[in-house]
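A.B. asks: Here it is, the structure in full.
The values are calculated or read from the model by the stated rules, or taken from the named source; none is laboratory data. Just so it is clear, the model here is predicted, and its values are computed rather than measured. No Cβ is skipped: glycine too gets one built from the backbone with ideal geometry, and neighbour counts run over all protein chains shown. With ligands, DNA and RNA removed, areas are computed over all heavy atoms of the protein, side chains included. Shrake-Rupley method; radii C 1.70, N 1.55, O 1.52, S 1.80 Å.
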Amino acid sequence: MMTREEATDLFHSDDLIGIGMAADAIRRKLHPHGIVSYIIDRNINYTNFCTEYCSFCAFYRPMGHAEGYILPHETIFAKIEETLDLGGTGVLMQGGLHPDLKIEWYEDLLSSIQKRFGSRIHLHCFSAPEITNIAELSGLTLRDTIARLRDSGLDSIPGGGAEILDDEVRYRISRLKCSTAEWIDVHRTAHSLGMRTTATMMFGCGERIEHRVKHFEIVRRIQEDTGGFTAFIPWFFQRENTSLGRFVKEEATAFEYLQTLAISRIYLDNIDNIQASWVTPGLKTCQLGLRFGGNDVGSIMIEENVVSAAGAHHSATEEELRRIIRDAGFVPKQRDTLYRTYFLY
Ligand code: SF4
C-alpha cells in the first residue's frame, strides 16, 4: 500500500511513463480482461438556483435571477424518456442548493419518477452538499434524509461537491458549501444504509500537492471501512467562465492530469474503478488515461450543463468513445451506474 510520502514523491517526479506503468499494472490486476467501460446517461440539473456562490462555478444563478429555473416534472420525465430511447440506463440528477426545497419536494420528484419508470432508470442523484442542504432545511438528520430519499427511489449518490477534501482549500473556493467532514458524513452514512456512491476530486484549483494526497487518503480510509465507493473520478478545474478563473490562471496540463490519474489508481487500489475523464481533458488525453490507470471513460452524456457553463466544449458520441477505447487496445462495454457490464455486443 502506498504511503502519503510515496504519493507526494510521485507528484514531484517527472517519470510520467514509470508512474503510468505502475498504475497500468494495478489496472490490469483489477481488470484482467481488457475491458473499458462507459455509460449512456444524462445529467439533469433540476434547478440552477443556488445560495452558495462557489467561485469555480459558472452554472448557478442567485435567487430571483431572470435566468434561474426549477424544471417542472414533465420536463424531467421527457428527458428521462429520451434517455431511455437512446439506450441510456440512468440519470445523474443534481442541482443548486435551493433554499426553499425541502425533503418533501425531493421525495415527490423521486417517487413520481419511480412510479412512471420503475427500475428502467437508475437514479444517481444529489451530491453531498445538496443532501446536507435538504437535511438542514428539513430539520432532519443526514441518516433520516438519505433513508427517506432512498425509500422514495434514490438508487445511489454521486461524489460531486468533494472538490478538494481540505477545509483550507474549500474555504477559498466554496466557502458556504459543505465542509470536508460533511462530505465524508454523507458518504459514510449512505454506505451504512447499503447505498453505493462515487468519489470525485476537482484538482487544479490552487491547491497544493499535499491537499491532493490528503484527499486520496480520506477516500481510501472510507473505502477501507465501508467498501461503498464504486469508482474514483478525478477531473480538473475548468476556469474559462468562472470567477476563480481570474485567480487561477493556468489550467492543469495533460501531463498533470495523467500523473494525477495514475497516482490515484496506485493510491486507491481498494477502489475497483478509476474513471478517465474526457469532458475537461478532451478525448485524446482521456484515451491516454486508459494506459495511466483508467478503466472507464464515463458517460456519453446526452446532456451536460455544469462543466460546459464553465467553458468545457468537448463532446462525444458512443461510437467515438468506443473507437478511442478500441484503438487503445481495449474492449469497449456499456455499463450501468453501478459499473456492471452485462450488455452484449
Ligand atoms: S458548485 Fe454547486 S453549490 Fe457551488 S455555486 Fe455551483 S451549483 Fe451552487
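A.B. asks: For segment 126-149, how many residues are outside any helix (DSSP H, G or I) and touching a residue at least 12 places away in the same chain (Cβ under 8 Å)? Outline the logic, then answer.
C.D. replies: Here is the first cut: in segment 126-149, the ones outside any helix (DSSP H, G or I) are 126-127, 139-141.
Going one step further and asking which of them are touching a residue at least 12 places away in the same chain (Cβ under 8 Å), we end up with 126-127, 140.
So the count comes out to 3.
A.B. asks: Need the failing condition index for residue 176 against (1) more than 24 Å from residue 217 (Cβ to Cβ); (2) part of a helix (DSSP H, G or I); (3) within 16 Å of the ligand (Cβ to nearest atom), just the number.
C.D. replies: Every listed condition holds for residue 176 apart from (2).
A.B. asks: Also, I was wondering about something else. Just need a number here: residues in segment 199-220 that are under 23 Å from residue 31 (Cα atoms) and touching a helix residue (DSSP H, G or I) at 6+ places or on another chain (Cβ under 9 Å).
C.D. replies: Counting residues in segment 199-220 that are under 23 Å from residue 31 (Cα atoms) and touching a helix residue (DSSP H, G or I) at 6+ places or on another chain (Cβ under 9 Å) gives 6.
A.B. asks: Going through 61, 28 one at a time, which residue ends up being without any contact (Cβ under 8 Å) to a residue 40 or more places away in the chain, open to solvent by 40 Å² or more (accessible area, probe 1.4 Å), within 12 Å of the ligand (Cβ to nearest atom) and not hydrophobic (A, V, I, L, M, F, W, C)?
C.D. replies: Among 61, 28, only 61 is without any contact (Cβ under 8 Å) to a residue 40 or more places away in the chain, open to solvent by 40 Å² or more (accessible area, probe 1.4 Å), within 12 Å of the ligand (Cβ to nearest atom) and not hydrophobic (A, V, I, L, M, F, W, C).
A.B. asks: Here is a further query. Condition test on residue 136, is it open to solvent by 20 Å² or more (accessible area, probe 1.4 Å), within 15 Å of the ligand (Cβ to nearest atom) and more than 19 Å from residue 232 (Cβ to Cβ)?
C.D. replies: Against the criterion (open to solvent by 20 Å² or more (accessible area, probe 1.4 Å), within 15 Å of the ligand (Cβ to nearest atom) and more than 19 Å from residue 232 (Cβ to Cβ)), residue 136 qualifies.
A.B. asks: Given the criterion of a type in the set (A, V, I, L, M), within 13 Å of residue 41 (Cβ to Cβ) and within 16 Å of the ligand (Cβ to nearest atom), identify the matching residue among 92, 101. Lay out the reasoning, then the answer.
C.D. replies: Values: 101 fails: within 13 Å of residue 41 (Cβ to Cβ).
It is 92.
Conditions tested, residue by residue: (1) among the charged types (D, E, K, R); (2) open to solvent by 60 Å² or more (accessible area, probe 1.4 Å).
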| position | (1), (2) |
| --- | --- |
| 282 | no, no |
| 287 | no, no |
| 291 | yes, yes |
| 298 | no, no |
| 317 | no, yes |
| 321 | no, no |
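A.B. asks: Now for a separate question. Out of all the residues in segment 262-272, is one or more in contact with a Ser or Thr (Cβ under 7 Å, 6 or more places away or on another chain), in contact (Cβ under 8 Å) with a residue 12 or more places away in the chain and not in a loop (DSSP other than H, G, I, E, B)?
C.D. replies: no
A.B. asks: Now for a different question. Name every residue in segment 36-57 that is crowded, with 20+ Cβ neighbours inside 10 Å and part of a loop (DSSP other than H, G, I, E, B), in order of residue number.
C.D. replies: 40, 46, 48, 50, 54, 56, 57
A.B. asks: Looking at segment 65-88, which of the residues that are within 16 Å of the ligand (Cβ to nearest atom) and more than 19 Å from residue 133 (Cα to Cα) is least open to solvent (accessible area, probe 1.4 Å)?
C.D. replies: At the first step, the residues of segment 65-88 found to be within 16 Å of the ligand (Cβ to nearest atom) are 65, 67-71.
Now restrict to residues that are more than 19 Å from residue 133 (Cα to Cα): 65, 67.
Details: 65: 69, 67: 109 Å².
It comes out as 65.
A.B. asks: Can you pull out the residues in segment 151-182 that are open to solvent by 50 Å² or more (accessible area, probe 1.4 Å) and within 19 Å of the chain's Cα centre (by Cα)?
C.D. replies: Answer for segment 151-182, where residues must be open to solvent by 50 Å² or more (accessible area, probe 1.4 Å) and within 19 Å of the chain's Cα centre (by Cα): 155, 181, 182.
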